[in-house]
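Input: a single structure, listed below in structure tokens.
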Ligand code: UDP
């Protein structure tokens, strides 16, 4: 079975990818310093507890395991924090990624799957957003993701690195078997916050901005189920391992849902009202981010299984009620 190094494999998206890989004939080797990840998210898996910024730890992993490809998820991802503490973001998301790429170079590993983001596009100049849309990120987080995409392109030309950068829209939901899901040090994402407010584990949820130029005045986002993201990663990995071309590919459902719609659907799924406080806009939020996902279909033969937002929220609600970590 091919060994795949998964950095950040104990985190939210990484743990779903690891599960999917293990179920489909790959042998994931997780490298995670557990700053955001959880040991409980990857039971029975090989987990090396170390940072990607540690060249000695990387050398040990590449020497011990014959790594065929690297899937890179370990990155800080709080947009607000990236504005107040950009050094942390550039050092980790860019600097430590260079350390990882260097270790790959030294050990002759050239296949790289990168967890990129629709945050690399910045404020949309047209919608839906395809991969040719201009990339002008509006916060340091988005800039770190764009920088790594640019580094990968340079490394492809110079060193023959074969990469696919997957630009996710909004990851949502949890594994339907209820064993893994979203659990962040600081929760900032809409769906878990609304569900926690409904459940009473937090007093209320703020609705950031009601005066956007959108149909109901609240921001519109494209939510893709985390298990669909995992499948798309495996498709991209298989493509590269079979000689496919490097690419940047959007992952979204091509459906926009407003914040008010999401709150209403959460209330419907949970059967209870959410205590909502209408608040000011959150700085850096574009009014609407909806993917054009034709390239994922064409290049990866990937189509999301979860196209009904209610079903995505149901898996998140199940996780919220039975979360293990
Ligand atoms: N949002 C909100 N209240 C919250 C968290 C988020 O109104 O407590 C809004 C946010 O302004 C955005 C949408 O919900 O328009 C999705 O935000 P999230 O942080 O989940 O994902 P992002 O789009 O920032 O990646």
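Laboratory data are not the source of any read-out in this text; all were calculated from the coordinates shown. Everything quoted here is computed from the prediction, not taken from an experiment. With ideal geometry, Cβ positions are generated from the backbone for all residues, glycine too; neighbour counts draw on all protein chains shown.
Some notes on this structure:
- Length available on full extension from residue 85 to residue 107: 0.36 nm per residue minus the Cα-Cα distance, which gives 4.6 nm.
- The range 82-150, relative contact order [Cα under 8 Å, separation at least 6], %: 42
- Simple label model, 7 Å out from Cα along Cβ direction - residue 40 to residue 241, nm: 3.1
- What separates the Cα centres of the range 137-179 and the range 275-325 is a distance of 17 Å.
- Crossing angle, helix 12-23 versus the chain [Cα axis fit, 0-90 degrees, rounded to tens]: 60
- Spherically averaged projected area of the range 189-243 from its Cα convex hull (nm²): 6.1
- Extension gain from residue 268 to residue 185, taking 0.36 nm per residue of separation minus the Cα-Cα distance: 27.2 nm
- In the chain, Cα pairs under 8 Å separated by at least six residues give a relative contact order of 19 percent.
- The listed peptides 168-174, 151-157, ordered by packing as a protection proxy, come out as 168-174, 151-157 (highest mean of other Cβ atoms within 10 Å first).
- Ranked for footprinting exposure by Cβ neighbours inside 10 Å, fewest first, 175, 24 give 24, 175.
- Sorted by Cβ neighbour density within 10 Å, fewest at the top, the residues 161, 70: 161, 70
- Unit Cα scatterers, Debye sum, the chain: log10 I(q)/I(0) for q = 0.11 Å⁻¹: -0.66
- Counted by neighbouring Cβ atoms within 10 Å, the residues 306, 121, 325 run from fewest to most as 325, 306, 121.
- Using a cutoff of 8 angstrom between alpha carbon atoms and counting only pairs six or more residues apart, the relative contact order for the range 117-182 works out to 29 percent.
- Per residue of the chain, the DSSP helices (runs of n ≥ 4 H) give a summed -39500 (n - 2.57) that works out to -11500 deg cm²/dmol at 222 nm.
- Seen from all directions on average, the range 1-109 presents a Cα convex hull projection of 6.4 nm².
- For the range 80-155, the square roots a ≥ b ≥ c of the C-alpha gyration tensor eigenvalues yield an a/c of 1.5 or more together with a/b not exceeding b/c, which makes the shape oblate.
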